[in-house]
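Quick notes on the structure that follows.
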Amino acid sequence: MLTISLETPRRVGFVDITGRVEDACERLGVVTGALVVYVPHTTAGVTINENADPSVRADLESALQRLVPEDSPFTHLEGNADAHVKASLVGSSVTIPVSDGRLCLGTWQGVYFAEFDGPRRRRVHVVGLSAVAA
Amino acid sequence: MLTISLETPRRVGFVDITGRVEDACERLGVVTGALVVYVPHTTAGVTINENADPSVRADLESALQRLVPEDSPFTHLEGNADAHVKASLVGSSVTIPVSDGRLCLGTWQGVYFAEFDGPRRRRVHVVGLSAVAA
Amino acid sequence: MLTISLETPRRVGFVDITGRVEDACERLGVVTGALVVYVPHTTAGVTINENADPSVRADLESALQRLVPEDSPFTHLEGNADAHVKASLVGSSVTIPVSDGRLCLGTWQGVYFAEFDGPRRRRVHVVGLSAVAA
């Protein structure tokens, strides 16, 4: 397992970690199998989405804000209840196939750390899993 | 890793791929472990849900349309921003346990390709992962 | 693979299964790799979220009820269509890294069975997956 550290710049935002995940895949020596990218935080998540037009990330942020507004009637008193809900909607991990030592991301796919209660210093765990031997 | 190809018939809809995933499980020779079903697209996803009453899939479609309407105030100009958001909500992969060479789906569970910007030709990657030896 | 049984007490609610998942991790003998926690039901899911303040779970419940109200215009006639939609939003599995025989949950993370159509007797499958040998 490898752990990636990052600093998120704003309260809410998607940070591109594709390059660091590809690097972890190589360092872990995964040839055939899958890579798990895991976020050990409860007010952040990880998702796979478009890597070309950055407006897609802005639209993801605004759509999630409309779905779970910060000022919804919450009982948790730390002011980040919306962040916990968004984390469960987006999810705490992604699993990506690996073949011939390379991540099988689609042409337009990137891996994004989803910050919902930043700015903060965050971590991401990356684990390489073995494919069944043919 | 095996790759399944499919054609989705409409802009939005859930396509049952359970049989093809079960077939991939057998061809990959997974006996004990898990199967990862991965969608390498950014306007589609994959989910597990009811395989009996097709109205459940219609309800999933209509609920997602209410949550993320196509005419929300998006900035991405390709007219499919809602599809990107739905893809991140539903997720790009499912992981299903395998025991004695069979997928451990529940009685009422099926695997559905979730199309949000079709009709299109799509692909799904399937990887078999090894369980820890007892 | 191990299977955990539980009884959920109410129609909707998050049941803490962290201790039972940690116990399964130990019994499966996972040292380095990942654990998959899988729900074989279509009106329930599993998620990772805050383990300290129980109000976070109450907020998750109320936020999901606002996103997918029971009385939305559904066609599925069993009265639990909202539960199917919530199950697909939350997801049917989580994958957690394991290192040195321990789950790599973050300090504030717990594993929660997400019931959306209880009270019922439910099951959860737990599978240990092998890391790539270094």
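Worth pointing out:
- Options C:R20, C:R11; residue that is surrounded by fewer than 23 Cβ atoms within 10 Å (Cβ to Cβ) and over 27 Å from B:R102 (Cβ atoms): C:R11
- Within the option set B:T32, B:T42, being in contact with a His (Cβ under 7 Å, 6 or more places away or on another chain) and more than 16 Å from B:V94 (Cβ to Cβ) holds for one residue only, B:T42.
- Residues within the range C:42-62 that are out of contact with any Asp or Glu (no Cβ under 8 Å at 6 or more places or on another chain) and facing another protein chain (nearest Cβ under 8 Å), tallied: 9
- Of all residues making up the range C:95-121, the number that are farther than 22 Å from C:V68 by Cα and in contact (Cβ under 8 Å) with a residue 40 or more places away in the chain: 15
- When B:G29, B:G19 are checked against the criterion of being out of contact with any strand residue (DSSP E or B) (no Cβ under 6 Å at 6 or more places or on another chain), within 10 Å of chain A (Cβ to nearest Cβ) and modelled with pLDDT of 95 or more, B:G29 stands alone in meeting it.
- Number of positions in the range A:73-124 that are part of a helix (DSSP H, G or I) and either more than 10 Å from every other protein chain (Cβ to nearest Cβ) or not basic (K, R) (or both): 9
- Within the range B:75-110, the residues that satisfy the criterion of being of a type in the set (A, V, I, L, M, F, W, C) and closer than 19 Å to C:L129 by Cβ are B:V94, B:I96, B:V98, B:L103, B:C104, B:L105.
- All positions within the range C:48-72 that are outside any helix (DSSP H, G or I), among the hydrophobic types (A, V, I, L, M, F, W, C), without any contact (Cβ under 8 Å) to a residue 60 or more places away in the chain and farther than 15 Å from B:S62 by Cα: C:A52
- Residue that is farthest from B:L77 (Cα to Cα), among those in the range A:51-74 that are of a type in the set (D, E) and surrounded by 14 or more Cβ atoms within 10 Å (Cβ to Cβ): A:E70
- Residue check for A:T42: part of a loop (DSSP other than H, G, I, E, B) and polar (S, T, N, Q): yes
- Qualifying position, being of a type in the set (V, I, T) and farther than 17 Å from C:V36 by Cα, among A:V94, A:V124: A:V124
The values are calculated or read from the model by the stated rules, or taken from the named source; none is laboratory data. Keep in mind it's a predicted model, so treat the numbers as computed, not measured. With ideal geometry, Cβ positions are generated from the backbone for all residues, glycine too; neighbour counts draw on all protein chains shown.
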